[in-house]
């Protein structure tokens, strides 16, 4: 770890047991499973790699940016709106951001960043409040981009959890790479931050939002 940065604090922030509602979201996996695009561990791996390279990179860059400039998060929030074509995904992101801030305020002194910020903005602000830097914020965001859907895959497909965690272990270097790439952009103007799109996730989210019965909120 870098001097002055607590790795234990990063683990608290990235812990899937943090009471911020992350377990209620599949990161688009439920829609992909229903569409028949994800059926086994190999498919889950491909889904996670694609998600990490697109929405994972964007979330990591915006989390790093929010951590680097907590007092100027409002433009980042608007930038994420512009990068999220799906209204359902915007709603899910803000719901997760709101829940994360609620959990964060119980642990650290949080600045005012708006009532319902997007999840990556809330994550970056929380990382800063915890004494972490942009790289750690990016790591937490990139990590969450794959662990959330991976956990959902076990529930949706009845997969072997050992096999799924082995997959996450193999993806760890990719998570590190994406996080480092995102953190290097932390101080870029909002319009120059990554804008990698994932149209199937957007389409799936809109379809998923209209289901009468579903296991996950998104």
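In segment 1-33, what count of residues is obtained for those that are in contact (Cβ under 8 Å) with a residue 60 or more places away in the chain and either outside any loop (DSSP other than H, G, I, E, B) or touching a strand residue (DSSP E or B) at 6+ places or on another chain (Cβ under 9 Å) (or both)?
Total meeting the criteria: 13.
Looking at 30, 46, 42 in this structure, which one is over 12 Å from the mean Cα position of the chain (by Cα) and crowded, with 17+ Cβ neighbours inside 10 Å?
Just one listed residue meets the conditions, 30.
Name the residues in segment 42-78 that are at pLDDT 95 or above and farther than 19 Å from residue 143 by Cβ, would you?
Scanning segment 42-78 gives 42, 43.
Going by what's in this entry, would residue 199 be described as at pLDDT below 95, loosely packed, with under 13 Cβ neighbours inside 10 Å and over 18 Å from the mean Cα position of the chain (by Cα)?
no
Is there a residue in segment 147-154 that is out of contact with any strand residue (DSSP E or B) (no Cβ under 8 Å at 6 or more places or on another chain), free of Cβ contacts under 8 Å to residues at least 60 places away in the same chain and on the phi > 0 side of the Ramachandran plot?
Among the residues of segment 147-154, not one is out of contact with any strand residue (DSSP E or B) (no Cβ under 8 Å at 6 or more places or on another chain), free of Cβ contacts under 8 Å to residues at least 60 places away in the same chain and on the phi > 0 side of the Ramachandran plot, which makes the answer no.
Hey, can you tell me all the residues within segment 52-92 that are closer than 17 Å to residue 198 by Cα, in a helix (DSSP H, G or I) and in contact with a helix residue (DSSP H, G or I) (Cβ under 6 Å, 6 or more places away or on another chain)?
52, 56, 57, 59, 60, 61, 62, 79, 80, 88, 89
The values are calculated or read from the model by the stated rules, or taken from the named source; none is laboratory data. Note that the structure is a prediction, hence the values are computed from the model and not measured. Heads up, the Cβs are rebuilt from the backbone with ideal geometry, glycines too, and the neighbour counts pull from every protein chain shown.
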